[in-house]
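The values are calculated or read from the model by the stated rules, or taken from the named source; none is laboratory data. Since the model is a prediction, treat every value here as computed from it, not as a measurement. Note: accessible area is taken over every heavy atom of the protein model, side chains too, but ligands, DNA and RNA are not part of it. Shrake-Rupley method; radii C 1.70, N 1.55, O 1.52, S 1.80 Å.
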Amino acid sequence: MLLAAGVPVEVVSERLGHANATITLTVHQHVHPGMGREAADRFAALLEGRSEAMSIK
């Protein structure tokens, strides 16, 4: 839920006690399958210069 809320993976990793962020991403990548689509949409918005790309949903 923290990753989906936009909390940096490094912070989530530390809170979970993982040795590094790679472990966190590997273990929890399945939790929020829509994150990849949201990231792609934000990236497209950034490329187009749209300000909503910076807001966390």
Legend entry - From phi via Karplus (6.51, -1.76, 1.60), per-residue ³J(HN,Hα) for segment 7-17 in Hz, x at Gly/Pro: 6, x, 4, 5, 5, 4, 4, 5, 4, 7, x
Legend entry - Area accessible to solvent at LEU47, 1.4 Å probe radius, in Å²: 130
